1. Report whether or not Phe257 is touching a residue at least 60 places away in the same chain (Cβ under 8 Å), surrounded by 13 or more Cβ atoms within 10 Å (Cβ to Cβ), over 16 Å from Cys171 (Cα atoms) and in contact with a helix residue (DSSP H, G or I) (Cβ under 6 Å, 6 or more places away or on another chain).
2. Take Ile328 and decide whether it is within 20 Å of Ser211 (Cα to Cα), part of a helix (DSSP H, G or I) and of a type in the set (Val, Ile, Thr).
3. Please state which of the following conditions Gln176 fails to meet, knowing it meets all the rest: (1) over 20 Å from Arg273 (Cα atoms); (2) buried (at least 18 other Cβ atoms within 10 Å of the Cβ); (3) of a type in the set (S, T, N, Q).
4. When both residues are 6+ apart or on different chains and their Cβ atoms are under 7 Å apart, which pairs have a first residue that lies in the range 123-139 and is free of Cβ contacts under 8 Å to residues at least 60 places away in the same chain, and a second that is exposed (fewer than 13 other Cβ atoms within 10 Å of the Cβ)?
5. For a quick check of your reading: which helices (runs of 4 or more DSSP H) sit entirely within the range 125-217 and have at least 1 residues that are under 25 Å from Ile300 (Cα atoms) and of a type outside the set (Lys, Arg)?
6. Given the condition out of contact with any Ser or Thr (no Cβ under 9 Å at 6 or more places or on another chain) and either at pLDDT below 95 or outside the structural domain of Arg108 (by TED's automatic domain parsing) (or both), answer yes or no: does some residue in the range 145-165 qualify?
7. For the range 57-102, give me the residue count where each residue is closer than 21 Å to Gln115 by Cα, modelled with pLDDT under 95 and among the acidic types (Asp, Glu).
8. Being loosely packed, with under 14 Cβ neighbours inside 10 Å and either in a helix (DSSP H, G or I) or within 18 Å of the chain's Cα centre (by Cα) (or both) is the filter here, so list the residues in the range 260-290 that pass it.
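The values are calculated or read from the model by the stated rules, or taken from the named source; none is laboratory data. Quick caveat, the model's predicted, so the values are computed rather than measured. Cβ: placed from backbone, ideal geometry, glycine included. Neighbour counts: every protein chain shown.
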Amino acid sequence: MASPYSDIRNLINLAVCWDSLVPINTLKGKSLISYTQSADNMYLNTLKDNKHSVSETTRETSFKFTSFRVYYNTLFKNSEHLSDDWLTWFIGFVEGDGAIQTYGEGKRVRFVLTQKESAILYNIQHKLYIGVVRHFPKGKSGINNDFYRLMVDDPLHILLLAFLFNGNLACAARIQQLALWVNALNNRFGSETIKLNNTTVLITLQDAWLSGFTDAEGCFNVSITANSRYTLGHVIKMRYLLDQKDNLILNKICELFKFGKVTLRSGTDNVYRYTATRFKPLNDVISYFKLFPLRTKKAISFEKWLTVHYQVSNKLHLTDEGLAQVKILQKQINLNNSMTNKTGRA
C-alpha cells in the first residue's frame, strides 16, 4: 500500500508562477520557495499601488504569509478565511506558549499548545484544519489540575506551520527550535523543501503579534491598598503584565510602549516580567488592544480592567459607591486571571 505521503514531493514542488498576478500551476524547474519569495515581493508592490485596499492590507507589516498561503492551498484549497491579523496573532500566541518540538534523534517533529481554556484551542484547530485537542482531566502526573492540549504530529501539517513561522518569528530562541524542524523536514521531504530564515521579524504596535503573545503570557491586574493619605483611605493601582523567560522580547515590548520596566521575578527559574503601570501611559496599552482585540477569555478581564481604568481616570472611584464597584471588578478580574493561567508543560 502506498504511503500517505507518497505524493508529498508533488505538493511541495507545486509552484506558482506569477504572470500579471495570475497564478499558473507548474511542476517545472524552480522550487516552491523561490516562487513564493517572488510572489511576496510582487504582492507587496501591488499593495503599495492599490490606494483602495482595506486597512489590514495597507498597514505596514514585516510579516509575510504568501509562502504559507500557497502551501495551505495545496492542502486545503482555501486560505482566504485566515486573515493576516489572525495569522499574526497566532504566531504571537505560539511564541508565548507553544512547543516546537523535535525528538527521535532529530527525525521526528511535533507541535503542542497547552491551555486551561479549551475553546481557543478548538478555534485554532478549526481555523487551520490541523491537529487534535486532548483533555488531561487530572493534569500533569495525576495532579487535580486539568488542562487541554492541541497536538500536531502529521509531517504535512508541521510543514505547513514551518512555512507560517519561517521569517515571521520575533524570538531568537524560537528560531533555533524552528531550525531543528527545518532540518528534519528537509531530511524527510528533500533538501530544498524549505530554507530557514533566521532573521527575527520586526514587531510593532501596528500588528496583532503582541495581542497573541498577551493571550498566552499576559494578564491585567488591579490592586487596592489601604493608604490613609488617599481619599476613602485606599489607593488603586493598575498593571499590564507579561511573564517570559526571554527577557530580550520583553525589552522589545517595553521599547514599543516607551514605558514600564523588565525585572527578574524573585523565586522563579529565570522568569522575567514586563510591568506597565501609571494611568495615563496605560492609555497606549488600551489603544493597542482596542485595535487588536484579545481572543481568549483574557478579553473579559481586559474589558473589566478597562472599566476600572475609566472610573479611576474620571475620579468615579472617589465615592463609597464607586469604590465598591471597583472592588467588585477587581475580584472578577483576578478570578478570570486564575482561570486562564496556563498549566502543564508540553
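1. No.
2. No: the conditions fail for Ile328.
3. (2)
4. Lys138/Asn144
5. Because the criterion is at least 1 residues that are under 25 Å from Ile300 (Cα atoms) and of a type outside the set (Lys, Arg), the helices (runs of 4 or more DSSP H) in the range 125-217 that meet it are 209-217.
6. Among the residues of the range 145-165, not one is out of contact with any Ser or Thr (no Cβ under 9 Å at 6 or more places or on another chain) and either at pLDDT below 95 or outside the structural domain of Arg108 (by TED's automatic domain parsing) (or both), which makes the answer no.
7. Going through the range 57-102 one residue at a time, the tally reaches 1.
8. Those that are loosely packed, with under 14 Cβ neighbours inside 10 Å and either in a helix (DSSP H, G or I) or within 18 Å of the chain's Cα centre (by Cα) (or both): Asn283, Ser287, Lys290.
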